[in-house]
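Just so it is clear, none of the values below were taken in a lab; they were calculated from the coordinates. Everything numeric here is computed off the predicted structure, so don't read it as measured data. Here Cβ is always computed from backbone atoms with ideal geometry, including for glycine, and neighbour counts include all displayed protein chains.
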Amino acid sequence: MIETIFFEQQIAEHPTTQRIRSALPRASWVPIDRYQELFNKRHQNFKLQKKNPALILAKKHDNFVLPVPSGFGMDSHKSFYFSHMYNCLYDCKYCFLQGMYSSANFVLFVNYEDFFTSISEKIDKYNGKTLTFFSGYDCDSLAFDKLSGFADEALNFFSDFPNTELELRTKSIAIGSLLQRRALSNCIVAFSLSPAEIAKSLDSKAPSISRRISAIKQLAGAGWKIGLRFDPLIYTSDWQKLYSSLFSEIMEGLDPSMVHSISYGPLRFPKKMYKKAANLYPDHKLFAFPMEEANGVISYGTTIETQMHDFLKSELNNYTSENKIFQCIT
Ligand code: SF4
């Protein structure tokens with residue numbers, strides 16, 4: 001439950017701010033000038049803030065839409081990402097957000113309309129080319145959706161551009177706004193998944209794997225295209241068995257034609273980020289594993305990565321055609 005909401009005075013009357021105000025009338029509402037004053041302040045206690053984060057409502061002014069890092073999107077498409085939020089309700093131990101910002105508070109940019117204007121400009125600029133826009137890069141696309149109402153507005157916008165893809169990437173089961181409307185053929189709801197035992201230990205606060213799988217099946221049954229994201233792959237003594245049963249649990253009763261794409265990627269951290277995350281969870285076994293460092297990147301190393309890649313590729317081929325399977329290396 002959010003107890004404190006800081007809001008930039010310039011967006012006090014914005015409809016999104018007003019809607020959140022009526023949803024959370026008992027929270028303390030504190031006016032501020034610019035969100036950076038709070039969010040970028042140095043020496044904040046990330047771990048302490050994460051226990052009871054505040055919400056900051058702000059206006060974004062620039063850089064609404066950015067090109068995805070190489071290896072993130074599907075090869076044949078021109079891809080961009082956008083983040084209507086910074087930080088996440090969940091607390092996955094490997095998440096780059098653990099070390100990215102000095103604050104654990106959530107920032108929600110309420111001026112969704114400016115994101116959509118910027119997306120329209122990109123569509124005009126690349127007229128004729130298949131574009132994909134990824135939501136959920138600096139946040140989870142749906143975790144905050146009951147309050148933010150973002151998905152509904154984004155889907156309204158993308159319904160006017162049937163040749164442009166939107167990917168909503170999530171671990172959330174807040175799929176109500178999607179189920180209430182007709183499925184959009186250009187929207188992919190992409191779920192990040194790991195074997196249940198691994199998710200229990202690493203995906204703190206996120207819905208369990210069985211609940212995510214149930215959300216996938218409900219959405220697919222309602223006609224939504226599904227993306228399956230196994231990124232990062234986590235190495236354990238019995239990882240083959242775990243990933244193999246995860247795939248069969250997901251695919252059981254799921255119409256394979258509803259699977260838009262499957263991607264997987266190795267666990268990787270920039271060195272600085274690895275240090276920050278390891279400092280936050282010094283006792284977690286993820287950070288006790290003897291990782292390797294190459295070119296400033298910490299990973300399991302090529303031997304393990306290759307084993308995992310080969311296994312995943314061959315297992316996933318049992319469920320879908322090869323052209324739907326992608327490896328992400330960012
Ligand atoms: S759900 Fe995604 S964005 Fe949120 S903490 Fe986990 S990995 Fe990070």
**Request:** Look through 142, 219 and report the one residue that is within 12 Å of the ligand (Cβ to nearest atom) and either buried (at least 19 other Cβ atoms within 10 Å of the Cβ) or more than 19 Å from residue 98 (Cα to Cα) (or both).
**Result:** 142
**Flag for residue 200 being in contact with an Asp or Glu (Cβ under 7 Å, 6 or more places away or on another chain), of a type in the set (Lys, Arg) and within 16 Å of the ligand (Cβ to nearest atom)** = no
**Item:** Positions within the stretch 222-244 being assigned to a helix (DSSP H, G or I) and exposed (fewer than 14 other Cβ atoms within 10 Å of the Cβ), in sequence order
**Value:** 241
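Kindly indicate the residue of the stretch 151-178 that is charged (D, E, K, R) and either surrounded by fewer than 21 Cβ atoms within 10 Å (Cβ to Cβ) or more than 16 Å from the ligand (Cβ to nearest atom) (or both) and also farthest from residue 87 (Cα to Cα) among those meeting that condition.
160
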**Asked** So residue 134 clears everything in (1) within 16 Å of the ligand (Cβ to nearest atom); (2) more than 26 Å from residue 230 (Cβ to Cβ); (3) in contact with a Gly (Cβ under 9 Å, 6 or more places away or on another chain) except one condition, right? Which one?
**Response** (2)
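Quick check on the stretch 252-265. Is at least one of its residues aromatic (Phe, Trp, Tyr) and either part of a helix (DSSP H, G or I) or farther than 22 Å from residue 92 by Cβ (or both)?
No, the stretch 252-265 contains no residue that is aromatic (Phe, Trp, Tyr) and either part of a helix (DSSP H, G or I) or farther than 22 Å from residue 92 by Cβ (or both).
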**Request:** Go through the stretch 179-194 and give me each residue that's outside any strand (DSSP E or B), away from the ligand (no atom under 16 Å from the Cβ) and within 28 Å of residue 233 (Cα to Cα).
**Result:** 186
